[in-house]
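Comments concern the structure below.
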Amino acid sequence: MEEKINELDKELLKEVSNLENMPNGAYNIRKNGKGIERKVTENVNIITKTDKSGIDIYVKENTKFEFIHIPVILTESGLNDVVYNDFYIGKNANVTIIAGCGIHNDHHQDSRHDGIHRFFLEEGAKVKYIEKHYGEGKGEGKKILNPVTEVYLKIGSSMEMESTQIKGVDSTIRETKGELEADTNFVVSEKIMTHGKQFAKTIFDVKLNGKNASTHVTSRSVATEESEQYFISKIYGNNKSFAHSECDAIIKDHAKVTATPEITANSVEANLIHEAAIGKIAGEQLIKLMTLGLSEKEAEEEIINGFLR
């Protein structure tokens, strides 16, 4: 871990992890396919995998309110970075994990990061997981991000996931999978904005296996210009369980958004709900803001920012 963090790196880290200085808790910073900074604590250990690229993160049982940062940045054009990170969260632990990836590409070759994250929560454990994705650069090379998140919840555990695609990502396929045991809860909040000819596809696949398992999936997106977005939600109620999946999207220009719900009740006690709403910005919203002195463009931006907030 000899490579130093420069000013460009700091800007990317600030965008995806709100890091302006090194955090107090455990962290692992990855740049251009290699770990460059790491810190462990008494309750959180981070170990480099020996069989493939990635790390194993171990959180001791009963650990309370610690923060773990694992951001990734790419500044090398033409790089195809794949990383496998596994999180083992001890019984009754309660932690916040902040991830995310920022790509800076000023050249003609594509830069791509595929992050495969697996979470194994023991009984009673709680995790808040925050990830942001961001792309920038003046080159013709694409910024590509394909995150995969797998969540395995044991009895009484819960996980809250906040996923945000800020801007500048040319192509993304986002897969989130969950297997829930009894008395567990998995909450997912996703926000995406696309423009130009950008492409985004989201796939949720959640299995409610245990009694009283529940999930709430919310996707809010804005698609403008020629961009395309696809939202696919698959939820299986295999026991007495509850699920609520909703997709709300604003479209502008010639953009396209497709929402595909798939809910399967394999138990008479499964209560599964899916909602989808796709449409343009309501005219009365624009008029209301324009009467306050905003231009039409400013009013649109205010509505979109509020929608994704």
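The values are calculated or read from the model by the stated rules, or taken from the named source; none is laboratory data. Just so we're clear, the structure is a prediction, and the values are computed from it rather than from any experiment. Quick reminder, even Gly has a Cβ in these numbers, built from the backbone with ideal geometry, and neighbours come from all protein chains shown. To get the accessible areas, we keep the full protein, side chains included, count just its heavy atoms, and leave off ligands, DNA and RNA. Shrake-Rupley method; radii C 1.70, N 1.55, O 1.52, S 1.80 Å.
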Condition first: outside any loop (DSSP other than H, G, I, E, B) and open to solvent by less than 10 Å² (accessible area, probe 1.4 Å). Now tell me which residues in the range 87-98 satisfy that. Phe87, Ile89, Val95, Ile97
(1) at pLDDT below 90; (2) assigned to a loop (DSSP other than H, G, I, E, B); (3) not polar (S, T, N, Q) all hold for Glu226 apart from (1)
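Using the structure shown, decide if Tyr84 is open to solvent by 50 Å² or more (accessible area, probe 1.4 Å), touching a Lys or Arg at 6+ places or on another chain (Cβ under 6 Å) and assigned to a strand (DSSP E or B). Break it down into steps so the answer makes sense when it comes.
Working: open to solvent by 50 Å² or more (accessible area, probe 1.4 Å): yes; touching a Lys or Arg at 6+ places or on another chain (Cβ under 6 Å): yes; assigned to a strand (DSSP E or B): yes.
When the stated conditions are applied, Tyr84 passes them.
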Can you name every one of the strands (runs of 3 or more DSSP E) wholly within the range 146-193 that holds 3 or more residues which are under 17 Å from Phe231 (Cβ atoms), among the hydroxyl-bearing types (Ser, Thr, Tyr) and touching a strand residue (DSSP E or B) at 6+ places or on another chain (Cβ under 7 Å)? 171-180
Please go through the range 265-284 and pick out each residue that is under 14 Å from Val222 (Cβ atoms) and open to solvent by 90 Å² or more (accessible area, probe 1.4 Å). Lys280
Any chance Lys52 is open to solvent by 80 Å² or more (accessible area, probe 1.4 Å), touching a strand residue (DSSP E or B) at 6+ places or on another chain (Cβ under 8 Å) and among the charged types (D, E, K, R): yes
Subset of the range 285-299, residues part of a helix (DSSP H, G or I) and open to solvent by 40 Å² or more (accessible area, probe 1.4 Å), comes to Gln285, Ile287, Lys288, Met290, Glu296, Lys297, Glu298
Residue list for the range 4-20, restricted to those being farther than 18 Å from Ile130 by Cβ and touching a helix residue (DSSP H, G or I) at 6+ places or on another chain (Cβ under 9 Å): Ile5
Just give me the residues in the range 12-35 being outside any loop (DSSP other than H, G, I, E, B) and free of Cβ contacts under 8 Å to residues at least 60 places away in the same chain, in sequence order. Lys14, Ala26, Tyr27, Asn28, Ile29, Arg30, Lys31, Lys34, Gly35
Just checking, does the range 14-31 include any residue being within 17 Å of Asn85 (Cβ to Cβ) and among the charged types (D, E, K, R)? yes
Among the residues of the range 21-38, which ones are of a type in the set (D, E, K, R), open to solvent by 20 Å² or more (accessible area, probe 1.4 Å) and either within 18 Å of Lys132 (Cβ to Cβ) or touching a His at 6+ places or on another chain (Cβ under 9 Å) (or both)? Arg30
Going residue by residue through the range 138-150, is there one that turns out to be under 17 Å from the mean Cα position of the chain (by Cα), open to solvent by less than 10 Å² (accessible area, probe 1.4 Å) and not small (Gly, Ala, Ser)? yes
Can you tell me how many residues within the range 235-264 are open to solvent by 60 Å² or more (accessible area, probe 1.4 Å), farther than 16 Å from Thr184 by Cβ and part of a strand (DSSP E or B)? 5
So, first residue at positive phi in the range 127-152, second residue in a strand (DSSP E or B) and at pLDDT 95 or above, Cβ within less than 6 Å, six or more apart or across chains; the pairs are Gly137/His104
